[in-house]
There are 2 protein chains.
Amino acid sequence: MKVAVAGVGAMGTRFALKLKQAGNNVTVVDGWQERVASLKKDGLRANLDGQEVTVKVPAYGQWEVPRDHHFDLVLFFTKSMQLEQMVRDMLPAFDDDTLALCLMNGIGHEKTLEKYLPKERVFLGNTMWTAQMTRPDHVLLEDDGTCELSNVEPGEPQRSQAKELVKVFKAAGLKPRLLDDPRYSVFRKGCVNGTLNTLCTLFECNLTEYSKTSHAHEMVVKIVKEFAAVGAKEGVNLDVAEVVDHVEASYDVIGAHYPSMYQDLVKNNRRTEIDYMNGYVSTHGKKYGVATPYCDLLTAEVHTKEDLQGAQ
Amino acid sequence: MKVAVAGVGAMGTRFALKLKQAGNNVTVVDGWQERVASLKKDGLRANLDGQEVTVKVPAYGQWEVPRDHHFDLVLFFTKSMQLEQMVRDMLPAFDDDTLALCLMNGIGHEKTLEKYLPKERVFLGNTMWTAQMTRPDHVLLEDDGTCELSNVEPGEPQRSQAKELVKVFKAAGLKPRLLDDPRYSVFRKGCVNGTLNTLCTLFECNLTEYSKTSHAHEMVVKIVKEFAAVGAKEGVNLDVAEVVDHVEASYDVIGAHYPSMYQDLVKNNRRTEIDYMNGYVSTHGKKYGVATPYCDLLTAEVHTKEDLQGAQ
C-alpha cells in the first residue's frame with residue numbers, strides 16, 4: 001500500500017516505521033523544519049523495542065507536499081491543533097480514491113477531515129501504542145500496544161476498505177482491531193487521555209506513580225462520567241464501569257510511561273492538546289447543557305500551567 | 001496583657017514578637033522539638049520588615065505546658081490539624097477567665113475550641129499578615145497586613161473582651177478590626193486560602209504569577225461561589241462579588257508572596273491544611289446536598305500532590 005504519514009512526531013514515526021518495515025511504500029510529511037531536515041538526511045531513526053533502527057523514506061516539508069504522487073492512504077498524526085492546516089496542505093496529494101485515516105488523540109477530528117474530504121473516504125480510530133520523541137532526530141518506541149479503526153460513513157465500499165486497512169496494519173504488527181462504531185472508541189480513548197494524560201501532566205508523574213495516590217480512582221471515575229454524559233448527547237453511550245476499568249488497566253501495561261501531554265508540556269514546554277480532550281467535553285457540555293465541572297477545571301488548570309511556563 | 005502564643009511557626013512568631021515588643025507579657029509554646037530548642041536558646045528570631053530582631057521570651061514544649069502561670073489570653077497559631085491536640089495540651093494553662101483566640105487559616109476551628117472551652121471564652125478571627133519560616137530558628141516577616149476578630153458568643157462580657165483584645169493588638173501594630181460576625185470573616189478569608197493558597201500550591205507559583213494566567217479570574221469565581229453556597233447553609237451569607245474583589249486585591253498587596261500552603265508542601269514537604277479549606281467546603285457540601293465539584297477536585301488534587309511527594 002502506498003501510504004503518506006502526515007505528521008511524523010513520535011507516534012507517526014512508529015506507524016511509518018512499522019508500515020515501511022512490512023513492505024509498504026511509505027512517504028513522510030512534517031511541519032517542523034528541524035524534523036524534516038533530519039528525516040531527509042537520516043530517515044526515520046528510532047529505538048524500537050531496544051534496538052536502534054534507521055529506515056530511509058521519502059520525506060517532505062508540509063510546505064512542499066508533492067502533487068505527482070498517488071497515495072492509497074494518508075495517515076494523519078499531527079498534534080490536534082495542527083490537524084486542519086495539515087489536511088489543507090495535504091489536499092494536493094489526494095486523488096479521488098485516496099483514503100484519510102486519523103488515529104490521533106482527541107475528540108472531534110473527523111469533523112475537521114470532513115470539512116475538506118468526502119465522509120466516505122474518512123476513517124477514524126485511535127491507538128494505545130506509546131511513543132516518545134527523545135530528540136528531533138530520534139524516537140523511543142517501547143511497550144506493547146494496539147490500535148482500532150473503522151469507516152466513519154457506514155456502507156460499502158467503506159467497510160471493505162476499513163477491513164483492508166486492518167489487514168495492512170496487522171501485517172505491519174500494529175495489532176489493529178476493526179471497530180463497529182469509531183466514535184465510541186474515540187470517546188473511550190478520550191477518557192484515557194482526559195484522565196491519565198491530563199492528571200500526569202498536572203502532577204508531573206507517570207501512570208504508576210499516579211495510580212498509587214489515594215484519590216486516583218475517585219478522580220478517574222468523575223472524569224469518565226463527564227465524558228459519558230457529553231458522549232450520550234452525541235449518540236455515543238459509554239459503559240462507565242468498563243471504561244474506568246480500561247483506563248486503570250493502563251497502569252499495568254504502560255505504567256512507566258509519561259503520556260504525550262506530559263512530554264509536550266513538561267518535557268518540551270509546548271502547548272497541549274487539552275482543548276481536544278477535557279476541553280472538548282467542557283465546551284460541548286456547555287453546548288448541550290450538561291455540567292462538566294471536573295473537565296472545566298482541569299482544562300483551565302492545564303492552560304494555567306501552560307501560561308506559567310510560557311509554553312509555545 | 002499576659003499572653004501565651006500556642007504554636008509559634010511563622011505567623012505565631014509574628015504575633016508573639018509584635019505583642020512582646022508592645023510590652024505584653026508573652027510566653028510561647030510549640031510542638032516541634034527543634035523549634036522549641038531554638039526558642040529556648042535564642043528566643044524569637046526574625047527578619048521584621050528588613051531588620052534582624054531577636055526577642056527573648058519564656059518558651060515551652062507542648063509536652064511541658066506550665067500549670068502555674070495565669071494567662072489572660074491563649075492565642076492559637078498551630079497548623080489546623082494540630083489544633084485539637086494543642087488545645088488539649090494547653091488546658092492546664094487555662095484559668096476560669098483565660099480567653100482563647102484563634103486567628104488561624106481554616107474553617108470550623110471554633111468548633112474544636114468549643115469542645116474543650118466554654119463558648120463565651122472563645123474568640124475567632126483571621127489575619128491577612130504574611131509570614132514565612134526560613135529555618136527552624138528564623139522567620140521572615142515582610143509585607144503589610146491586618147487582622148480581624150470577634151467574640152463567638154454574642155453579649156457581655158464577651159463583646160467588651162473582644163474590644164479589649166482589639167485594643168491590645170492595635171497597640172502592638174497588628175492592625176486589628178473588630179468584627180460583627182466572625183464566621184463571615186472566617187469564610188471570607190477561607191475564600192482567599194481556598195483559591196490562592198490552593199492554586200499557588202498546585203501550580204508552584206506566587207500570587208502575581210498566578211494572577212497573570214488566562215483562567216485566573218474564572219477559577220477564583222467558581223471556587224468562591226462554592227464557599228458561598230456552603231456558607232449559606234451555615235447562616236453565613238457571603239457577597240460573592242465583594243469576596244472575589246477581596247481575593248484579587250491580594251495580587252497587588254502581597255503578590256510576591258508564596259502562600260503558607262505552598263511553604264508547607266512545596267518548600268517543606270509537609271501535608272497541607274487543605275481539609276480545613278476547600279476540603280471543609282467539599283465535606284460540608286456533601287452534608288448539605290450542595291454540589292462543590294471544584295473544591296472536591298482541588299482537595300483531591302492537593303492530596304494527590306502530597307501523596308506523590310511523600311509529604312509528612
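The values are calculated or read from the model by the stated rules, or taken from the named source; none is laboratory data. Every value quoted in this text rests on a predicted model; they were computed, and no experiment measured them. Glycine gets a Cβ as well: all are built from the backbone with ideal geometry, and neighbour counts include every protein chain shown. Each accessible area value is taken on the protein alone, full model and side chains, heavy atoms only, with ligands, DNA and RNA left out. Shrake-Rupley method; radii C 1.70, N 1.55, O 1.52, S 1.80 Å.
For (1) within 11 Å of chain B (Cβ to nearest Cβ); (2) surrounded by fewer than 24 Cβ atoms within 10 Å (Cβ to Cβ), each residue gets a yes or a no:
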residue: A:Y258; (1), (2): no, yes
residue: A:D275; (1), (2): no, yes
residue: A:V281; (1), (2): no, no
residue: A:H284; (1), (2): no, yes
residue: A:C295; (1), (2): yes, no
residue: A:L298; (1), (2): yes, no
residue: A:V302; (1), (2): yes, no
*Would you pick out the residues in the range B:115-152 that are surrounded by fewer than 16 Cβ atoms within 10 Å (Cβ to Cβ) and out of contact with any Asp or Glu (no Cβ under 8 Å at 6 or more places or on another chain)?*
B:Y116, B:P118, B:T134, B:R135, B:D144, B:T146
*asked:* Please verify whether A:E148 is over 23 Å from A:N47 (Cα atoms), touching a residue at least 24 places away in the same chain (Cβ under 8 Å) and outside the structural domain of A:I274 (by TED's automatic domain parsing), treating the condition exactly as stated.
replied: yes
*Kindly list, by first and then second residue, each pair from a residue in the range B:87-110 that is under 16 Å from B:T27 (Cα atoms) to a residue that is acidic (D, E) and in a loop (DSSP other than H, G, I, E, B), limited to pairs with Cβ atoms under 7 Å and residues at least 6 apart or on different chains.*
B:T98/B:D72; B:L99/B:D72
_Of all residues being open to solvent by 60 Å² or more (accessible area, probe 1.4 Å) and at pLDDT below 95 in the range A:155-183, which is farthest from the chain's Cα centre (by Cα)? Just the residue, please._
A:D180
_Members of the range A:46-65 found to be closer than 14 Å to A:D30 by Cβ and either in a loop (DSSP other than H, G, I, E, B) or in contact with a strand residue (DSSP E or B) (Cβ under 8 Å, 6 or more places away or on another chain) (or both), listed by number_ = A:V57, A:P58, A:A59, A:Y60, A:G61, A:Q62, A:V65
*asked:* Taking the criterion of being over 20 Å from B:C147 (Cβ atoms), at pLDDT 95 or above and not β-branched (V, I, T), would at least one residue in the range B:63-75 satisfy it?
replied: yes
*asked:* So A:R270 passes all but one of these: (1) among the basic types (K, R); (2) open to solvent by 60 Å² or more (accessible area, probe 1.4 Å); (3) within 13 Å of another protein chain (Cβ to nearest Cβ). Which condition number does it fail?
replied: (3)
*asked:* Being touching a Ser or Thr at 6+ places or on another chain (Cβ under 7 Å), over 21 Å from B:D97 (Cβ atoms) and not aromatic (F, W, Y) is the requirement here; does B:V192 meet it?
replied: yes
*Out of (1) farther than 28 Å from B:T146 by Cα; (2) among the hydroxyl-bearing types (S, T, Y); (3) modelled with pLDDT under 95, the odd one out for B:T292 is which?*
(3)
*Can you tell me which residues in the range A:73-92 are within 11 Å of the chain's Cα centre (by Cα) and open to solvent by 60 Å² or more (accessible area, probe 1.4 Å)?*
none
*When you look at A:V168, is it away from every other protein chain (no Cβ under 14 Å), of a type in the set (A, V, I, L, M, F, W, C) and in contact with a helix residue (DSSP H, G or I) (Cβ under 9 Å, 6 or more places away or on another chain), yes or no?*
yes
*Could you figure out which of (1) under 19 Å from the mean Cα position of the chain (by Cα); (2) open to solvent by less than 10 Å² (accessible area, probe 1.4 Å) isn't true of B:L39?*
(1)
_One residue is enough: does the range B:150-158 have a residue meeting the conditions among the small types (G, A, S), under 26 Å from B:L39 (Cβ atoms) and touching a Leu at 6+ places or on another chain (Cβ under 9 Å)?_
no
*Inside the range B:103-209, counting only helices (runs of 4 or more DSSP H) that do not spill past its ends, which hold 1 or more residues that are among the charged types (D, E, K, R)?*
B:109-116, B:158-171, B:182-192
*May I ask you to verify whether A:F203 is without any contact (Cβ under 8 Å) to a residue 24 or more places away in the chain, touching a Phe, Trp or Tyr at 6+ places or on another chain (Cβ under 9 Å) and among the hydrophobic types (A, V, I, L, M, F, W, C)?*
yes
*Number of the condition not met by B:L308 [criteria: (1) within 14 Å of chain A (Cβ to nearest Cβ); (2) under 24 Å from B:L140 (Cβ atoms); (3) not hydroxyl-bearing (S, T, Y)]*: (2)
_I'd like the residue in the range B:190-248 that is among the small types (G, A, S) and more than 12 Å from chain A (Cβ to nearest Cβ) and, out of all such residues, is surrounded by the most Cβ atoms within 10 Å (Cβ to Cβ)._
B:G194
*Could you list, in sequence order, the residues of the range B:1-24 that are out of contact with any Phe, Trp or Tyr (no Cβ under 6 Å at 6 or more places or on another chain) and surrounded by fewer than 16 Cβ atoms within 10 Å (Cβ to Cβ)?*
B:Q21, B:G23
